[in-house]
1. Taking 0.36 nm per residue of sequence separation and subtracting the Cα-Cα distance, how much length would be gained by fully extending the chain between residue 19 and residue 4, in nm to one decimal?
2. Can you tell me which of 82-88, 40-46, 63-69, 6-12 comes out highest on packing, and rank the rest after it, using the mean Cβ neighbours within 10 Å?
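No value in this document is a laboratory result; all are computed from the given coordinates. Predicted, not measured: the structure shown is a model, and the values here were computed from it. Glycine gets a Cβ as well: all are built from the backbone with ideal geometry, and neighbour counts include every protein chain shown.
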Amino acid sequence: GHANPDEAIQLVNLRLSAIGKLTGLEPRQERAGGEARKGRRPVWFKPTGWIECAIYERDLAGRIEGPAVIEALDATIVVPPGWTARPNESGHIIMEASSHGE
């Protein structure tokens, strides 16, 4: 290994395990997708070609209609046209195809 004490370090992933008692968990409140919007960019979808998509920050994302991209430090989630993405109470992203989706 190599260590240079004069250089800064960056932690990209840190995990912690803990044991304890919780009095209860509050479910996450759904947020409006507009709060999380970071910008727009073209994204390629095979059936349609390039589509201008909204880009959202995952930690702030609420219900999002595709086409869209949800970005996080460790993942990128593509929401195709005709699909919806939303966080559940635990923060997992749930994607559902609309009845008219492809």
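1. On the way: separation 15, 0.36 × 15 = 5.40 nm, distance 3.49 nm.
Computed gain between residue 19 and residue 4 is 1.9 nm.
2. Working: 82-88: 17.3, 40-46: 11.4, 63-69: 19.6, 6-12: 5.1.
Ranking, from highest mean packing down: 63-69, 82-88, 40-46, 6-12.
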